[in-house]
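The values are calculated or read from the model by the stated rules, or taken from the named source; none is laboratory data. Everything numeric here is computed off the predicted structure, so don't read it as measured data. With ideal geometry, Cβ positions are generated from the backbone for all residues, glycine too; neighbour counts draw on all protein chains shown. Only protein heavy atoms, including side chains, enter the accessible area calculation; ligands, DNA and RNA are left aside. Shrake-Rupley method; radii C 1.70, N 1.55, O 1.52, S 1.80 Å.
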Amino acid sequence: MGTDTVRATPPADESAADRRREQRGWYFYDWACSVYSTSVLTVFLGPYLTQIAKSAADEDGYVHPLGIPVSAGSFFAYAVSASVLLSVVVMPMAGAAADRTGRKKPLLAVAAYLGAAATAGMFFLDGDRYLLGGFLLIVANASLAVSMVLYNAYLPQIAPPQERDAVSSRGWAFGYAAGALVLVANLVLFLAHDTFGVSEPTAVRICLASAGVWWGAFTLVPLRRLRDRKASPSEASARGWRQLASTVRDMRRHPHTLSFLLAYLVYNDGVQTVISQASVYGSEELGLGQSTLIVAVLLVQVLAVAGALAMGRLARTYGAKRIILGSLVAWTVTIGAGFFLPAGAPVWFFALAAGIGLVLGGSQALSRSLFSHLVPAGKEAEYFAAYEISDRGMAWLGPLIFGLTYQFTGSYRDAIVSLVAFFVIGFVLLARVPVRRAIRDAGNPVPARI
């Protein structure tokens, strides 16, 4: 392999200053896109789209997209599932194209700006336009998933093995800091909407659209600082689905990497479902107002910054795998406790939010950095496409179960407690993965603590 070949680690002749500059640019994509996850997916869109669907529902409480009877209270969860299924189709193609051409950055730009445009278009979501809301959600969510494949694939190229836990954790911290900053502005606008001369629904639409503007504006920073590496001749010769088939066969040669992906698929499905459905649970089941939900998610964002950085430091001493396992225990206890929250009691909801915030950022950041050690050299984008399928692309089962549980029982409490199984099963699967052997099998150096 020549000096221009894609590597799992930065080139030896690359200066530390250049590497740090690229890392700082990389952090800013978390800063750009995390506002969508926070303001749109976690806070505003779920309750708002649910209310729009209810306004369009028949006397039995059903809407009929494509002629299919769907409970209005489940429409948002089903739309999230649909967006994830679309991601499953698109993400491997984007990963294969990135590794084949070595040009991640143009593909990242297309995905980011398509998602940002769809999010900005949510300003026009009013009345009974629940189908428009579902369509924009599907486009934005799928675009985010594709962009994250490409973004995550840069991590092995911009950080040597001993730096990845810290770099990945800082990226998540940047994202949660941005989410907190924008949520403060959202809270001011929402609470003082009369002062600003807008109605409450209009204030929500402005908050939704502003996330798209933020996403697009700050994506300019990583696009200026990140560098593409040329693909090796062997990678450039592969094409489309043939390359994907080759990737699947290659992953079968690394069964421990596949075992990690399976574990991550299960527990992260629970994480993503909690992120997307918590505001619906708080508003519909607990009867909490939008301002209470914003404050709760703001609390999650602030504590997630500290949690991501703290768990990154703990990983240096105890290893990433142990810290992730500990976080899954905390997730299990926290979500189980959520079943018993009394309605109309924001203090207990804030306590639940605090528990989620402390483990949310760290569990995601360390999972990403741990996986980066399991990727063979030259397969970064393709393997991270598989990772992103586990991260977002396969996170359709949790929302589907959540939606079906509500549709059949009429209880969001039953829906939320059903998610505990994802964390318990994920813990068992991850505990069985021999990560040191997996790293050696991938041909990578084994860090002192992993």
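Kindly indicate whether Tyr151 is within 23 Å of Ala278 (Cα to Cα), touching a residue at least 40 places away in the same chain (Cβ under 8 Å) and of a type in the set (Phe, Trp, Tyr).
Considered against the rule, which asks whether it is within 23 Å of Ala278 (Cα to Cα), touching a residue at least 40 places away in the same chain (Cβ under 8 Å) and of a type in the set (Phe, Trp, Tyr), Tyr151 comes out as no.
If you go through the stretch 264-307, how many residues are more than 30 Å from Ser71 (Cα to Cα) and surrounded by fewer than 24 Cβ atoms within 10 Å (Cβ to Cβ)?
Number satisfying all stated conditions: 5.
Kindly provide the set of residues from the stretch 334-366 that are of a type in the set (Val, Ile, Thr) and under 15 Å from Arg413 (Cα atoms), ordered by number.
Thr334, Ile335
Which pairs do you get when a residue that is farther than 27 Å from Ile425 by Cβ, found in the stretch 271-298, comes within reach of a residue that is of a type in the set (Asp, Glu) and surrounded by fewer than 24 Cβ atoms within 10 Å (Cβ to Cβ), reach meaning Cβ atoms under 9 angstrom, with the pair 6+ apart or on two chains?
Gln290/Glu200
Here's the yes/no breakdown for (1) touching a Leu at 6+ places or on another chain (Cβ under 6 Å); (2) surrounded by fewer than 23 Cβ atoms within 10 Å (Cβ to Cβ):
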| position | (1), (2) |
| --- | --- |
| Gly95 | no, no |
| Asp99 | no, no |
| Lys104 | yes, no |
| Ala112 | no, no |
| Ala120 | no, yes |
| Tyr130 | no, no |
| Gly133 | yes, no |
| Val139 | no, yes |
| Ala145 | no, no |
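Picking from Phe135, Phe75, which residue would you name as being free of Cβ contacts under 8 Å to residues at least 40 places away in the same chain, part of a helix (DSSP H, G or I) and closer than 27 Å to Ile206 by Cβ?
Testing whether each residue is free of Cβ contacts under 8 Å to residues at least 40 places away in the same chain, part of a helix (DSSP H, G or I) and closer than 27 Å to Ile206 by Cβ leaves just Phe135.
Select from the stretch 269-283 the residues that are over 12 Å from the mean Cα position of the chain (by Cα) and among the small types (Gly, Ala, Ser) and list them in ascending order.
Result: Ala278, Ser279, Gly282, Ser283.
For the list (1) within 19 Å of the chain's Cα centre (by Cα); (2) surrounded by fewer than 18 Cβ atoms within 10 Å (Cβ to Cβ), I need the number of the one condition that Val221 fails.
(1)
Could you check the stretch 415-450 and list, in sequence order, the residues that are charged (D, E, K, R) and in contact (Cβ under 8 Å) with a residue 12 or more places away in the chain?
Arg432, Arg436, Arg437, Asp441, Arg449
For the stretch 401-450, which helices (runs of 4 or more DSSP H) that fit wholly inside it have 1 or more residues that are among the charged types (D, E, K, R)?
Ranges flagged: 412-417, 435-441.
Are any residues in the stretch 76-93 open to solvent by less than 50 Å² (accessible area, probe 1.4 Å) and of a type in the set (Val, Ile, Thr), and if so, which ones?
Once the filter is applied, which keeps residues that are open to solvent by less than 50 Å² (accessible area, probe 1.4 Å) and of a type in the set (Val, Ile, Thr), the stretch 76-93 yields Val80, Val84, Val88.
Pick from the stretch 25-74 the residues that are aliphatic (A, V, I, L, M), in contact with a strand residue (DSSP E or B) (Cβ under 9 Å, 6 or more places away or on another chain) and closer than 23 Å to Ile401 by Cβ: which of them is surrounded by the most Cβ atoms within 10 Å (Cβ to Cβ)?
Ala53
On the basis of being farther than 30 Å from Ala159 by Cβ, among the aromatic types (Phe, Trp, Tyr), in contact (Cβ under 8 Å) with a residue 12 or more places away in the chain and part of a helix (DSSP H, G or I), does Tyr29 make the cut?
no
Pairs needed: first member in the stretch 208-230, part of a loop (DSSP other than H, G, I, E, B); second member anywhere, acidic (Asp, Glu) and surrounded by fewer than 22 Cβ atoms within 10 Å (Cβ to Cβ); C-beta distance under 7 Å; at least 6 residues apart or different chains.
Leu226/Glu22; Arg227/Glu22; Arg229/Asp4; Lys230/Asp4
Working only within the stretch 182-201, note down all residues that are assigned to a helix (DSSP H, G or I), among the β-branched types (Val, Ile, Thr) and free of Cβ contacts under 8 Å to residues at least 60 places away in the same chain.
Result: Val188, single match.
I'm trying to understand the selection: among the residues of the stretch 399-433, which are surrounded by 21 or more Cβ atoms within 10 Å (Cβ to Cβ), among the small types (Gly, Ala, Ser) and out of contact with any Ser or Thr (no Cβ under 8 Å at 6 or more places or on another chain)?
Gly426 - this is the single residue of the stretch 399-433 that is surrounded by 21 or more Cβ atoms within 10 Å (Cβ to Cβ), among the small types (Gly, Ala, Ser) and out of contact with any Ser or Thr (no Cβ under 8 Å at 6 or more places or on another chain).
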